[in-house]
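In what follows, a structure is listed as structure tokens, so that the remarks can point back to it.
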Amino acid sequence: LVIQTGFLQSGAAELTIANPSDDVQAIEVYLETVDTGIRITPRTFTLEAGARKKVSVQLERSVQNDTVKTNTVKLLAKPLLDSPLLQQSGINIPLEVRFEPLGWQELSAIIGIPLLLVLVLGSVYKVRKRKKNPTP
């Protein structure tokens, strides 16, 4: 599963979960390593025999400097019926978030805003200084 995104952008990927069994399953989807920047929706649900459901994996706006971030999406399926013959099953899905390098527009915005602030504040300082000490 791959999410590709850029600086200060969000991204998403979608999984389709299928229940090939003859039993209703309780499904839980979560990340192996907690990451507050990644949201899975829905995280828990029931799935009828033979049914399918889409699950969204969303990345909030990214400020990552890494080029690649990895995690694992864990899927756990447990039969709703209590029976010693029926057991829970699961699967691990590798998740890779790829961050595109900053382009010149992003870099100019990052560098340009502080530089503009310095220039404006410097000009304000000079104007105030001249008002306090006028030149004869």
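Within segment 91-110, does at least one residue satisfy the condition of being modelled with pLDDT of 75 or more, out of contact with any Ser or Thr (no Cβ under 9 Å at 6 or more places or on another chain) and not hydrophobic (A, V, I, L, M, F, W, C)? No: segment 91-110 contains no residue that is modelled with pLDDT of 75 or more, out of contact with any Ser or Thr (no Cβ under 9 Å at 6 or more places or on another chain) and not hydrophobic (A, V, I, L, M, F, W, C).
For segment 19-38, taking the residues that are within 21 Å of the chain's Cα centre (by Cα) and in a strand (DSSP E or B), the one that is surrounded by the fewest Cβ atoms within 10 Å (Cβ to Cβ) is identified as Y30.
Working carefully through the options T16, T41, T5, T46, find the one that is farther than 30 Å from Q87 by Cβ and either buried (at least 16 other Cβ atoms within 10 Å of the Cβ) or of a type in the set (S, T, Y) (or both). Reasoning before the result, please.
Values: T16 fails: farther than 30 Å from Q87 by Cβ; T41 fails: farther than 30 Å from Q87 by Cβ; T46 fails: farther than 30 Å from Q87 by Cβ.
Sole residue among the options that is farther than 30 Å from Q87 by Cβ and either buried (at least 16 other Cβ atoms within 10 Å of the Cβ) or of a type in the set (S, T, Y) (or both): T5.
If the condition is being over 15 Å from I93 (Cα atoms), over 13 Å from the mean Cα position of the chain (by Cα) and not aromatic (F, W, Y), then segment 39-50 contributes P42, T44, T46, L47, E48, A49, G50.
The values are calculated or read from the model by the stated rules, or taken from the named source; none is laboratory data. These figures come from a predicted structure and were not determined experimentally. A quick note on method: Cβ atoms are made from the backbone with ideal geometry, for glycine too, and the neighbour counts reach across all protein chains shown.
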